[in-house]
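Q: Quick one: the structure is below, and I'll ask about it shortly.
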Ligand SMILES: Cc1cc2nc3c(=O)[nH]c(=O)nc-3n(C[C@H](O)[C@H](O)[C@H](O)COP(=O)(O)OP(=O)(O)OC[C@H]3O[C@@H](n4cnc5c(N)ncnc54)[C@H](O)[C@@H]3O)c2cc1C
């Protein structure tokens with residue numbers, strides 16, 4: 001229930017402003033172990049900050065179903081349900097560079 | 001200010017009553033002030049201090065670290081094999097200080113959990129509202145007869161990166177072609193479960209390319225280890241003549257070390273090496289026991305939401321020092337726990353309940369410069385411990401083309417750069 005409330009909040013316009021400074025939804029903080037927050041890191045893993053949430057959701061669902069091949073993201077995406085993925089995507093989308 | 005009167009149970013009750021509006025709570029949005037001290041500026045502690053300041057700039061955050069330069073263990077096996085420079089392992093704390101964290105370069109000598117203060121090596125006393133311990137590991141010099149700190153100058157452990165890493169590298173470099181390398185791996189739990197096997201792989205790589213008449217024997221106190229089949233398949237393929245693994249049941253458990261004779265004794269015999277690398281049993285960094293946060297096993301039990309000690313009030317333990325259920329002791333884990341812990345502390349100081357966390361770990365291992373493998377997991381609290389989220393995680397495929405292994409090796413390097421920047425700025 002809390003999670004649903006959270007994602008609903010994040011998807012509204014008012015939510016976006018809050019998401020900029022607010023604590024990340026469950027799991028989101030761990031993505032940045034591989035997807036750099038800082039622009040200056042040279043890594044083949046693409047950055048997630050400021051990405052269109054719908055694209056991140058689509059990629060995650062494709063990793064989860066196996067439709068999109070991956071070295072690691074299939075194993076990670078399977079740990080999240082669609083609501084959780086939406087909340088994470090919304091939060092990253094709301095982060096400014 | 002202090003949150004001492006807000007018990008976890010009260011906070012949870014509060015969350016229930018407020019129907020999940022915790023995020024919108026004014027105290028959290030504005031950031032309630034408070035004083036947090038973090039001991040240990042490694043992947044857990046440095047990451048936590050930064051995250052705390054980022055989540056709530058109003059907090060006073062102090063990071064106590066014994067060394068002005070941090071030397072990272074991940075990828076240090078590459079240094080041993082001559083593939084990297086130790087400098088690439090090193091990080092300063094300028095970025096963290098720039099974020100507004102107060103740095104103190106001293107060892108913490110004691111913690112009084114009742115009075116809530118930390119005593120530094122120079123006797124200074126610092127008060128806190130909440131304390132985070134991320135002291136990493138200490139080696140147990142009492143666990144393997146003959147393996148003392150002095151013995152490690154002849155038989156390096158290289159399980160804390162720095163001078164020991166370079167010592168092992170120099171010993172391999174000065175060994176004659178044909179010399180035998182002996183390594184011992186400990187029983188669980190220990191820092192970086194796949195670490196000994198990555199090291200074995202890269203030493204074998206070094207031998208194969210530089211000392212082809214030499215060989216490595218790994219004496220193991222276990223029959224099973226992380227990513228075992230992936231490692232063993234790779235060894236068969238890449239290092240059939242250069243690496244031999246001796247399991248516990250085949251007599252691999254080392255029972256004594258003789259530094260003068262460069263010999264390790266097992267129940268089945270003894271192994272004299274030209275170079276001997278002992279990875280000894282470990283425990284939480286000493287300050288954890290001094291704070292009363294370590295139990296008889298030498299590690300620190302914590303609850304799985306905010307990682308508060310189950311032994312001492314007001315203390316959180318993260319990283320290698322803590323017992324984290326299904327999560328392995330890795331830099332990736334420590335960093336993920338650091339961010340969860342920081343968010344939980346911000347909430348606790350604001351009088352609200354921490355959110356139920358979801359964590360990820362991924363351990364990359366490189367068995368050759370262009371051959372990477374991984375084990376991953378997603379974790380959540382369940383019945384007081386962190387457990388695997390079912391259906392997620394697991395290891396790289398057993399059968400995969402060389403191009404996949406090469407991709408994972410490239411992602412491994414990318415991960416190290418990312419986690420370095422994430423932790424140290
Ligand atoms: C060979 C090897 C390879 C590894 N490879 C990987 C890998 O590929 N991926 C991965 O994720 N992990 C890897 N690891 C594991 C990783 O290094 C650890 O899990 C990680 O460092 C744990 O973080 P931590 O914060 O708990 O401890 P550390 O990073 O060790 O930090 C602890 C810090 O606390 C300080 N400290 C301790 N006591 C005090 C005190 N009393 N006062 C002040 N300061 C104190 C220490 O100086 C140190 O800087 C590897 C480890 C080894 C040995």
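Q: Within a 10 angstrom radius of each residue's Cβ in B:358-365, how many Cβ atoms of other chains show up on average? Whole number is fine. Walk me through the numbers on the way to the answer.
A: Values: counts 11, 6, 10, 3, 6, 0, 2, 0.
The mean count of partner-chain Cβ atoms within 10 Å per residue comes to 5.
Q: Another question, if that's okay. Can you give the helix-only mean residue ellipticity at 222 nm for chain B, where every DSSP H stretch with n ≥ 4 adds -39500 (n - 2.57) and the sum goes over all residues, rounded to the nearest 500 deg cm²/dmol? Before the final figure, lay out the partial values.
A: Working: 11 runs with 122 residues, N = 425.
Counting only the DSSP helices, I get -8500 deg cm²/dmol.
Q: Hey, rough spin-label estimate for residue B:233 and residue A:65, points 7 angstrom out along Cα→Cβ, what's it come to in nanometres?
A: 2.8
Q: Ok, one more. What's the whole-number percent of alpha carbon pairs in region B:175-224 lying beyond 14 angstrom? The partial results should precede the final answer.
A: Details: 631 of 1225 pairs.
Summing the P(r) tail past 14 Å for region B:175-224 gives 52 percent.
Q: Just how far, in whole angstrom, is region B:309-348 from region B:393-425 if you go by their alpha carbon centroids?
A: 24
Q: So what is the relative contact order of region B:151-278, in percent, for Cα pairs below 8 Å that sit 6 or more residues apart? Walk me through the numbers before you get to the answer.
A: Working: 225 pairs, mean separation 42.6, N = 128.
After rounding, I find 33 percent.
Q: What distance in nm separates the simple spin-label points at residue B:267 and residue B:210, each placed 7 Å from Cα in the Cβ direction?
A: That separation, rounded to one decimal, is 3.6 nm.
Q: Something else about it: Using 0.36 nm per residue, how much length does the chain from residue B:406 to residue B:176 gain when fully extended, once their Cα-Cα distance is taken away?
A: On the way: separation 230, 0.36 × 230 = 82.80 nm, distance 3.11 nm.
Between residue B:406 and residue B:176, full extension yields 79.7 nm more.
Q: Please average, across the residues of A:38-49, the number of beta carbons from any other chain that are within 10 Å of each residue's own beta carbon, and give a whole number. Walk me through the numbers on the way to the answer.
A: On the way: counts 7, 1, 2, 7, 5, 9, 6, 6, 0, 1, 0, 0.
The per-residue average across the peptide is 4.
Q: Also, I was wondering about something else. Running a GNM on chain B with Cα contacts under 10 Å, which residue among B:297, B:352, B:266 ends up with the highest mean-square fluctuation?
A: Maximum fluctuation in the GNM of chain B, among the listed residues, is at B:297.
Q: How far, in degrees from 0 to 90, does helix B:331-349 lean away from the longest principal axis of the Cα atoms of chain B, to the nearest 10?
A: Between the helix axis and the principal axis of chain B, the angle is about 10 degrees.
Q: Here is a further query. At q = 0.06, 0.07, 0.10, 0.12 Å⁻¹, work out log10 I(q)/I(0) for the protein assembly as shown with the Debye formula, treating every Cα as an identical point scatterer and leaving solvent out; two decimals please.
A: -0.28, -0.38, -0.78, -1.11
Q: Determine which residues of region B:60-76 fall in the zone a paramagnetic label at residue B:94 would reach in this model, i.e. backbone nitrogen under 17 Å from the point 7 Å along Cα→Cβ.
A: Once the point is set 7 Å along Cα→Cβ of residue B:94, B:68-71 turn out to lie under 17 Å by backbone N, inside region B:60-76.
Q: Would you mind telling me which residue in B:254, B:132, B:375 has the biggest mean-square fluctuation in a Gaussian network model of chain B, where springs connect alpha carbons within a distance under 10 angstrom?
A: With Cα springs under 10 Å in chain B, the top fluctuation among B:254, B:132, B:375 is at B:375.
Q: Using only Cα atoms, tell me the angle between helix B:8-17 and the longest principal axis of chain B; keep it within 0 to 90° and round to the nearest 10.
A: 60
Q: Shape of region B:151-278 from its Cα gyration tensor (a ≥ b ≥ c, root eigenvalues): rounded if a/c is under 1.5, otherwise prolate when a/b > b/c, or oblate?
A: Working: a/c = 1.28, a/b = 1.06, b/c = 1.21.
Verdict is rounded for region B:151-278.
Q: Let me ask you something else. Pick from B:226, B:134, B:309: which is most flexible by mean-square fluctuation in a GNM of chain B where alpha carbon atoms under 10 Å apart are linked?
A: Per the Cα network of chain B with a 10 Å cutoff, B:226 tops the list.
Q: What ranking do B:286-296, B:174-184 get when scored by the average of other Cβ atoms within 10 Å per residue, highest first? Don't skip to the end; give the middle numbers.
A: On the way: B:286-296: 20.2, B:174-184: 17.8.
Sorting B:286-296, B:174-184 by mean packing, highest first, produces B:286-296, B:174-184.
Q: Write down, largest first, the equivalent ellipsoid semi-axes of chain B in whole Å, where each equals the square root of 5 times an eigenvalue of the alpha-carbon gyration tensor. Provide the component values of the computation, followed by the final result.
A: Working: eigenvalues 312, 104, 75 Å².
Computed over chain B, the values are 39, 23, 19 Å.
Q: Could I ask something else about it? Helix B:45-55: angle to the longest alpha-carbon principal axis of chain B, degrees 0 to 90, nearest 10?
A: Between helix and principal axis, roughly 30 degrees.
Q: Could you give the distance between the Cα centres of region A:32-90 and region B:103-123, to the whole Å?
A: Measuring centre to centre over Cα atoms gives 41 Å.
Q: Output the relative contact order of chain B, whole-number percent, from Cα pairs under 8 angstrom with separation of 6+ residues. Working shown, then result.
A: Values: 941 pairs, mean separation 81.1, N = 425.
The normalised contact order for chain B reaches 19 percent.
Q: Can I ask one more? Between residue B:255 and residue B:241, what is 0.36 nm times their sequence separation minus the Cα-Cα distance? Round to one decimal in nm. The partial results should precede the final answer.
A: Values: separation 14, 0.36 × 14 = 5.04 nm, distance 2.64 nm.
Contour length minus the Cα-Cα distance gives 2.4 nm.
Q: Quick check on region B:36-130: take the gyration tensor over C-alpha atoms, sort the square-rooted eigenvalues as a ≥ b ≥ c, and tell me if it's rounded (a/c under 1.5), prolate or oblate.
A: In terms of gyration-tensor shape, prolate.
Q: In nm, give the distance between the simple-model label positions of residue B:163 and residue B:399, each being 7 Å from the Cα along the Cα-to-Cβ direction.
A: In this crude label model, residue B:163 to residue B:399 measures out at 5.1 nm.
Q: When only C-alpha pairs under 8 Å and at least 6 residues apart count, what is the relative contact order of region B:122-217, in percent? Spell out each step's value before the answer.
A: Numbers: 51 pairs, mean separation 23.2, N = 96.
It rounds to 24 percent for region B:122-217.
Q: Take the alpha carbon gyration tensor of region B:218-296, find the square roots of its eigenvalues, order them as a ≥ b ≥ c, and report rounded if a/c is under 1.5; if not, report prolate when a/b exceeds b/c, else oblate.
A: On the way: a/c = 2.34, a/b = 1.45, b/c = 1.61.
Here region B:218-296 falls in the oblate category.
Q: May I pose another question? Quantify how strongly other chains surround peptide B:54-60 by giving the mean number of their Cβ atoms within 10 Å of each of its Cβ atoms. Walk me through the numbers before you get to the answer.
A: On the way: counts 2, 4, 2, 1, 0, 0, 0.
Average per residue, whole number: 1.
Here, each number is a calculation from the coordinates, and none is a lab measurement. The model shown is predicted, which means the values in this text are computed figures rather than measured ones. Positions of Cβ are backbone-derived with ideal geometry, glycine not excepted, and every protein chain shown enters the neighbour counts.
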